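What follows is a single structure, written as structure tokens, with notes after it.
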Amino acid sequence: MWQEILPGLRIKLFMTVLLGIGYPLALTGICQVLFPHQANGSLVTAGDKVVGSELIGQSFTRPEYFEPRPSAAGADGYDAANSSGSNYGPTNQKLIDRVKASIEKFRKDNPEYTQPVPADLLTASSSGLDPHISPDSAQAQAPRVAKAREVSTDQVHRLIAQFTDDPDLGLLGEPRVNVLKLNLALDRQFPRK
């Protein structure tokens, strides 16, 4: 009986060590050498201080900053340990109420903008941590940000254009703006007076 069990146990132990320890260590080493920025979380620094990640959305609520998409991750949103969407369907009353409240808040904070509010400013992403907004969402917030920073709206529009990323490989996804990078650029180019 042991002659039949031992080969299976040896293979299981070998594969556990190979695939559970060896492969992850080798892949981590390769990534650290070839892609160190991405392998270490795509961290963004301002001076010597880490201020966030290119990959994880975070909340900005002051008028001189662009606001990200709403987040359903965690109790207060933007909790990377609780990444998830709300899973509310389009007829769910909680979603309807939250979107209506988001529209009211947006209209109150951005009275100059009279067009329909871009959908990504009203709905959370499936992870709840999307660091990007659409160029339309950034343009919708530009007058508020420009006014708060006491600069022209055209200057803010040019900065948005500079930080708009095209679809991956020219065809995958949509154009997008990383909110953290855009807000850091605002602080560098147009410090609040």
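The values are calculated or read from the model by the stated rules, or taken from the named source; none is laboratory data. Please read these numbers as outputs of a predicted model, since none were measured by experiment. Quick reminder, even Gly has a Cβ in these numbers, built from the backbone with ideal geometry, and neighbours come from all protein chains shown.
So that you can scan it fast, the table gives a plain yes or no per residue for (1) in contact with a helix residue (DSSP H, G or I) (Cβ under 6 Å, 6 or more places away or on another chain); (2) of a type in the set (A, V, I, L, M, F, W, C):
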residue	(1), (2)
Trp2	no, yes
Pro7	no, no
Ile11	no, yes
Met15	no, yes
Leu19	no, yes
Tyr23	no, no
Pro36	no, no
Ala39	yes, yes
Gly47	no, no
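Yes or no: Ala142 assigned by TED's automatic domain parsing to the domain that holds Pro70, in a helix (DSSP H, G or I), of a type in the set (A, V, I, L, M, F, W, C) and under 22 Å from Ala72 (Cα atoms)?
no
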Which ones in region 115-139 are crowded, with 22+ Cβ neighbours inside 10 Å and not in a loop (DSSP other than H, G, I, E, B)? Leu121, His132, Ile133, Ser137, Ala138
In region 96-114, the residues that are surrounded by 10 or more Cβ atoms within 10 Å (Cβ to Cβ) and either of a type in the set (S, T, N, Q) or at pLDDT below 85 (or both): Ser102, Asn110
Is it the case that region 174-186 has a residue that's touching a Gly at 6+ places or on another chain (Cβ under 8 Å), surrounded by 16 or more Cβ atoms within 10 Å (Cβ to Cβ), in contact (Cβ under 8 Å) with a residue 40 or more places away in the chain and under 18 Å from Ile56 (Cα atoms)? yes
Within region 29-57, the count of residues that are surrounded by 11 or more Cβ atoms within 10 Å (Cβ to Cβ) and either over 26 Å from the mean Cα position of the chain (by Cα) or modelled with pLDDT of 90 or more (or both) comes to 5
Mind counting the residues in region 42-95 that are closer than 29 Å to Pro143 by Cα, touching a residue at least 40 places away in the same chain (Cβ under 8 Å) and part of a helix (DSSP H, G or I)? 0
Which of (1) touching a Phe, Trp or Tyr at 6+ places or on another chain (Cβ under 7 Å); (2) part of a helix (DSSP H, G or I); (3) within 21 Å of Val179 (Cα to Cα) is the odd one out, the single condition His37 does not satisfy? (1)
